[in-house]
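No value in this document is a laboratory result; all are computed from the given coordinates. All figures in this text were calculated on a predicted structure; none of them were measured in a lab. Here the Cβ positions follow ideal geometry from the backbone for every residue, glycine too, while neighbour counts run over all protein chains shown.
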Amino acid sequence: MSNPYQYAKRNQERFLDEYQELLRIRTISTQPQHAEDVARAAEWLREMMLRIGMDSAEVILMPAGRCPLALGEWNGAGEAAPTILIYCHYDVQPAEVADGWDTEPFEPTIKDGRLYCRGAVDSKLHVMSNLKAVESCLASDDKPKVNIKVVLEGEEESGSENINAFIAAHPERLAADIAMISDGAILAPDQPSLTYGLRGITGLELHVSAPVSDLHSGHWGGSVHNPIQALCEILARLHDENGTVTVPGFYDDVAAVTPQDRALLEKVEPFMQAEWDDVVSAPSVWGESEYILPERLGARPTLEINGIHGGYTGAGMKTVLPARAFAKITCRLVPHQDPARALRCVMEHIKRIAPSSISVEMRPSEPGAEAVLLDVDGPAMAAAAEAYTFAWGVEPVYERAGGSVPITFECMKVAKEVVIMSYGLKSGRAHGPNENIYLQNFYNGIQSTIKFIDVVGEGRG
Ligand SMILES: [Zn+2]
């Protein structure tokens, strides 16, 4: 017999075949016509979990029969041992050749060390890396010294409505010492990274109106505060020239960027700058000058105007004085900011600066989400770092992500510690055409999860 690392290497080819088998199932959760495919994949995963030696596995149906969860457990380490909960999602975004794919989106194609297929990175890579790691651990002589729970969601790409309710109703089913959320991307193929912060979000719609209906600008122009102009005046007063949000109270609770944050984030700055140049490619970087790029992107809150609408935008000229205009605004939030309070500050400020010549209506968009800050010095993070270093041969760097992974917040309610372990790449085109992974990332991911299970089992996690 062998150890789990050797087992994984010996079975690499079969693992790749199984990964491709799962990729062929069109688990598109947003499209009701694929509900059967999603259900078939959940059953496929349940059988897989039993086959690899987990004690029990079941498919949990969700309301309306859509997008079930697949849940597996192995409790062979005994009651005194810690428990790891592994979360991944097996549903995917829609994909059609017409979107610009060079290959059939649901037929895995291997070319130059990369595998192309919808779901290849987001997130069947994580589902299969982790299941194959668990298989390797359970197949070896030295059984894991941790109990393992696996939860595979089928509804992540369409709002995760049901999993939160399931966790709230059955917290004991997912209770664990460490929750490992396996989704997302590392910085570069040869540079693993650990995310220790995620931003939260809140937002509103701002409606401005003045006259009862559109008017002739020749007849009435000069006597009415144009709602588009008034809206722009309000929006222009929400930031100063430095890019700092001018809303009183907005920064009151914001967790300061510590010297430790600065030291960690300086290390990812070159990677993020390169990514910015490649993806954003605007004439120059903008934003709060006292913060470095990774801080602006992950450790500082923002107020963003997402859309603005009003008046006539068709062909030719129409001398209209529009009756109304509106904008959509969202704020990315950082630790210690309460979404409701941040939103209240923004709304009160707009009310204060709105001129009396117009009417203003504000509609909050529900629900907001709090930011997450994980313990960068905690034992789970140390175990994750050791796992990456082992699998990649390079120590990971630490970053704070600009977006949210809503399940993180739910997992924090049922697990003592949470880590996010990603094996994909941003350049892997998740959600877009020609989604792909480096096969090496799949194999490294398996080795990394095995190591993580090992380290936590040895009591170092
Ligand atoms: Zn996705």
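Label separation (Ala98 vs Glu43): 3.1 nm, computed from points 7 Å beyond Cα along the C-beta direction. Evaluated with a Cβ-only charge set (Lys, Arg +1; Asp, Glu -1), the chain carries a dipole of roughly 600 debye about its Cα centre, given to the nearest 20. Taken along the Cα-to-beta-carbon direction at a fixed 7 Å, the label points for Asp253 and Lys9 span 5.1 nm. For Arg24 and Asp278, the difference between the fully extended length at 0.36 nm per residue and the C-alpha to C-alpha distance is 88.3 nm. In terms of the mean number of neighbouring beta-carbon atoms within 10 Å, the peptides 234-245, 78-89 order highest first as 78-89, 234-245. At each listed q (0.06, 0.09, 0.12, 0.13 Å⁻¹), what is the log10 of I(q)/I(0) that the Debye formula gives for the chain modelled as equal alpha-carbon point scatterers? Those come out to -0.31, -0.66, -1.07, -1.20, one per q. The residues packed around Arg262, meaning those with a beta-carbon under 15 Å from its beta-carbon, carry a net charge of -3 if Lys and Arg are +1 and Asp and Glu are -1. What is the range 31-147 by shape, rounded, prolate or oblate, if you read a ≥ b ≥ c off the alpha carbon gyration tensor as root eigenvalues and call it rounded for a/c under 1.5, prolate for a/b larger than b/c, and oblate otherwise? Note, shape of the range 31-147 comes out oblate. Is the shape of the range 239-279 rounded, prolate or oblate, going by the alpha carbon gyration tensor and its root eigenvalues a ≥ b ≥ c, with a/c under 1.5 for rounded and a/b larger than b/c for prolate? In terms of gyration-tensor shape, oblate. Counting neighbouring Cβ atoms within 10 Å and putting the fewest first, the residues Tyr196, Tyr90, Tyr5 line up as Tyr5, Tyr196, Tyr90. Taking square-rooted eigenvalues a ≥ b ≥ c of the alpha carbon gyration tensor, is the range 96-158 rounded, prolate or oblate, where a/c under 1.5 means rounded and, failing that, a/b exceeding b/c means prolate? It is oblate, given that a/c is not under 1.5 and a/b is not larger than b/c. You can think of it this way: the chain between His216 and Asp338 has 39.4 nm of extra reach, that is 0.36 nm per residue less the Cα-Cα gap.
The range 168-202 and the range 220-291 have Cα centres separated by 26 Å. Among the listed pairs Lys143/Lys451; Lys132/Lys451; Lys413/Lys451; Lys426/Lys451, those whose Cα-Cα separation exceeds 18 Å are Lys413/Lys451; Lys426/Lys451. Summarising the label geometry, the points placed 7 Å from Cα in the beta-carbon direction at Asn306 and Ser359 lie 2.6 nm from one another.
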